[in-house]
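S.K.: To start, I am sharing the structure in question, which I have written as structure tokens.
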Protein chains: 2
Amino acid sequence: MRIVVLAGGIGGARFLRGLQQAVPDADITVIGNTGDDIHLFGLKVCPDLDTVMYTLGGGINEEQGWGRADETFHLKEELGAYGVGPEWFGLGDRDFATHIVRTQMIGAGYPLSAVTEALCDRWQPGVRLIPMTDDRVETHVAVELDGERKVIHFQEYWVRLRASVAAEAVVPVGAEQAKPAPGVLEAIAEADVILFPPSNPIVSVGTILAVPGIREAIAEAGVPVVGLSPIVGDAPVRGMADKVLAAVGVESTATAVAEHYGSGLLDGWLVDTVDAACVPDVEAAGIRCRAVPLMMTDTEATARMAREALALAEEVRAV
Amino acid sequence: MRIVVLAGGIGGARFLRGLQQAVPDADITVIGNTGDDIHLFGLKVCPDLDTVMYTLGGGINEEQGWGRADETFHLKEELGAYGVGPEWFGLGDRDFATHIVRTQMIGAGYPLSAVTEALCDRWQPGVRLIPMTDDRVETHVAVELDGERKVIHFQEYWVRLRASVAAEAVVPVGAEQAKPAPGVLEAIAEADVILFPPSNPIVSVGTILAVPGIREAIAEAGVPVVGLSPIVGDAPVRGMADKVLAAVGVESTATAVAEHYGSGLLDGWLVDTVDAACVPDVEAAGIRCRAVPLMMTDTEATARMAREALALAEEVRAV
């Protein structure tokens, strides 16, 4: 079975680990979000790609969900002593190595997709991880700060401000001119099923879909497209998805997110059991819907979610 | 008293610490060797400048004489896991920060001299540290390796090969086209005394003198120029100076090194007490010479050496 998964960071990575346990023999291609990439200290940092790679490759800091296990922060401490920031972005000593290797390879002329493949040679994540694009896309967020309207990098919004102010707009800068990375459209065309994990629908999955050609390829693939709601009981399971949903006028409910993707894209949608009441509304929108437990408390629970998603996909296919 | 010191790495840095203790009120300008600079992992590394800065700024690893105290090597370990070398060059996590800040500033258009000043703002070494040049100079060494003649970077010769093969030639590539950094010639012209610490006469002091204008400025400064022999009892006190001396046809003796600098440049020369027999030979070459203990066993012993050098300078001046 060939499965394509559109993934952001922590939520996507954890879902993928459950999916691997649910279907160990599946051929999984992950299209990773690069909209939260950022240049820091002259280095290209790809937080979402790295979170997927470290999580599936056994190098993740399990508690925080991002960054490396057994990490130290001496380099960052020293940068601070030199007065060089940003201090709010926590790059560890081990993690720095990934960004140094990536930056050197990009400087040598390799596209990000080739660099990601090279990094995965070490981590062996058990999936094919492809960035959504080799082109530079950076999600920017418009906010009102100190009475002034400012446009800041997504990471500054997410990590420094902890989404503490309202996002007025979320713009994946560069997405319109971006091309899908080599292999992305081919993987979608050859997929048996396409999954949207409970990742952020705006700044993770939404950014991937903003690369021209990807949304169309998914809609036209002719295979079941099933998503899992990142909203449980009107609040994001983790992260601050509600803040960026508001910016695009989408309510923070499992139903609203399904409708935001739309029946033209989505064939099936899993909501949590606490949102069972949403099922008729989602189905009324033309999207087959089931209510099942959606808390990724451990890999076993996550594997059950993956099995439910694949079962729903088979239901869709059988129609 | 305005003192100019031409310094390499460990030997130069330790001598400077003694000099500071000997004459705490002196105004000391250090002209640092940059011939052993190397580009690693996309970063500009300046080992000699950093050794001086860390030693005088209190951040040095005292035992090894280079690199940072309380250092970890996680980043390097991870680079190794990615198969990215060289593994023989020991950049620590804390040390990396210096190279990242330097590389970013150079990328932003600052010359190395301005960058060095900015780094010293943090370290407060108590001297003015100026690189010999803002231009790129890299010392290369011609060797015979596996039956083949190869030209390798000085660091590869020194650190990877531990100078275990004979150097056939030592070439400060780029030196001929280099210009002294801003402040270098001015400091020399305003100096009351100029000192050559017991640094390597070829790859440290020699490289500085290879930048057109510096040797001439020293010779014409009209102030005492006094050096300390890095050779004690026919062997280098530390390091492998004998290997590179042989490459330029200079014997590994205190006398031969003094003659290599020459009476046109050097007014006074300190040799160790075990080399007291050299004194008449050095003086016959037109260089005033004294035999005093030259082992930098601790700062107090080093301060005594510095006082002897300054005393010899006064003798020269009185003539």
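S.K.: In region B:1-53, which residue that is closer than 17 Å to B:CYS120 by Cβ and within 14 Å of chain A (Cβ to nearest Cβ) is farthest from the chain's Cα centre (by Cα)?
M.R.: B:LYS44
S.K.: Identify the residue in region A:92-116 that is more than 13 Å from every other protein chain (Cβ to nearest Cβ) and either among the charged types (D, E, K, R) or touching a residue at least 40 places away in the same chain (Cβ under 8 Å) (or both) and, among all such residues, is nearest to A:GLU216 (Cα to Cα).
M.R.: Per the criteria, the residue is A:SER113.
S.K.: Is there any pair linking a residue in region A:1-24 that is farther than 14 Å from A:LEU49 by Cα to one that is basic (Lys, Arg) and surrounded by fewer than 24 Cβ atoms within 10 Å (Cβ to Cβ), with Cβ under 7 Å and at least six apart or on different chains, and which?
M.R.: Close Cβ pairs (under 7 Å, with a partner that is basic (Lys, Arg) and surrounded by fewer than 24 Cβ atoms within 10 Å (Cβ to Cβ)) amount to A:ALA22/A:ARG307.
S.K.: Being within 8 Å of another protein chain (Cβ to nearest Cβ) and of a type in the set (Gly, Ala, Ser) is the filter here; which residues of region B:71-91 pass it?
M.R.: B:ALA81, B:GLY83
S.K.: If you go through region B:117-149 one residue at a time, how many are in a strand (DSSP E or B) and either touching a residue at least 40 places away in the same chain (Cβ under 8 Å) or in contact with a helix residue (DSSP H, G or I) (Cβ under 9 Å, 6 or more places away or on another chain) (or both)?
M.R.: Result for region B:117-149: 11.
S.K.: Starting from region A:194-214, take each residue that is on the phi > 0 side of the Ramachandran plot and surrounded by fewer than 24 Cβ atoms within 10 Å (Cβ to Cβ) and list its partners that are basic (Lys, Arg) and not in a strand (DSSP E or B), counting only C-beta distances under 8 angstrom and pairs at least six apart or across chains.
M.R.: Pairs found: A:GLY213/A:LYS179.
S.K.: Which of the strands (runs of 3 or more DSSP E) contained wholly in region A:1-49 include at least 3 residues that are among the charged types (D, E, K, R), over 17 Å from A:ALA313 (Cα atoms) and in contact with a strand residue (DSSP E or B) (Cβ under 6 Å, 6 or more places away or on another chain)?
M.R.: Once the strands (runs of 3 or more DSSP E) in region A:1-49 are filtered for at least 3 residues that are among the charged types (D, E, K, R), over 17 Å from A:ALA313 (Cα atoms) and in contact with a strand residue (DSSP E or B) (Cβ under 6 Å, 6 or more places away or on another chain), nothing remains.
S.K.: Go through region A:52-105 and report how many residues are crowded, with 17+ Cβ neighbours inside 10 Å, part of a helix (DSSP H, G or I) and either at pLDDT below 95 or of a type outside the set (D, E, K, R) (or both).
M.R.: 18
S.K.: For B:LEU119, are the conditions met, namely being at pLDDT 95 or above, away from every other protein chain (no Cβ under 13 Å) and closer than 29 Å to B:PRO201 by Cβ?
M.R.: Values: at pLDDT 95 or above: yes; away from every other protein chain (no Cβ under 13 Å): no; closer than 29 Å to B:PRO201 by Cβ: yes.
So B:LEU119 fails the test.
S.K.: One residue is enough: does region A:73-80 have a residue meeting the conditions under 21 Å from A:GLY35 (Cα atoms) and in contact (Cβ under 8 Å) with a residue 12 or more places away in the chain?
M.R.: Among the residues of region A:73-80, not one is under 21 Å from A:GLY35 (Cα atoms) and in contact (Cβ under 8 Å) with a residue 12 or more places away in the chain, which makes the answer no.
S.K.: For residues that are surrounded by fewer than 24 Cβ atoms within 10 Å (Cβ to Cβ) and either in contact (Cβ under 8 Å) with a residue 24 or more places away in the chain or not in a loop (DSSP other than H, G, I, E, B) (or both), tally how many sit in region B:235-250.
M.R.: To start, the set of residues in region B:235-250 that are surrounded by fewer than 24 Cβ atoms within 10 Å (Cβ to Cβ) comprises B:235-240, B:242, B:246-250.
The next check asks that each one be either in contact (Cβ under 8 Å) with a residue 24 or more places away in the chain or not in a loop (DSSP other than H, G, I, E, B) (or both); those that pass are B:235-240, B:242, B:246-248, B:250.
Residues that pass the stated criteria total 11.
S.K.: Going by what's in this entry, would A:GLY147 be described as away from chain B (no Cβ under 14 Å) and on the phi > 0 side of the Ramachandran plot?
M.R.: For A:GLY147, the condition - away from chain B (no Cβ under 14 Å) and on the phi > 0 side of the Ramachandran plot - is met.
S.K.: Still on this structure, please answer the following. Scan region A:239-250 and tell me whether some residue there is closer than 22 Å to A:ALA301 by Cβ and assigned by TED's automatic domain parsing to the domain that holds A:LEU312.
M.R.: Of region A:239-250, the ones closer than 22 Å to A:ALA301 by Cβ are A:239, A:241.
Still in the running and assigned by TED's automatic domain parsing to the domain that holds A:LEU312: A:239, A:241.
Yes: one or more hits.
S.K.: Just for region A:251-300: of the residues that are more than 20 Å from the chain's Cα centre (by Cα) and part of a strand (DSSP E or B), which one is farthest from A:ARG162 (Cα to Cα)?
M.R.: Step by step, filter region A:251-300, then rank; the result is A:ARG288.
S.K.: When you check A:LEU129 against the structure, is it more than 9 Å from chain B (Cβ to nearest Cβ), hydrophobic (A, V, I, L, M, F, W, C) and buried (at least 23 other Cβ atoms within 10 Å of the Cβ), yes or no?
M.R.: Spelling it out, A:LEU129 is indeed more than 9 Å from chain B (Cβ to nearest Cβ), hydrophobic (A, V, I, L, M, F, W, C) and buried (at least 23 other Cβ atoms within 10 Å of the Cβ).
The values are calculated or read from the model by the stated rules, or taken from the named source; none is laboratory data. All of these numbers come straight from a predicted model, not from anything done at the bench. Ideal geometry is used to build each Cβ from the backbone, glycine not excepted, and the neighbour counts take in all protein chains shown.
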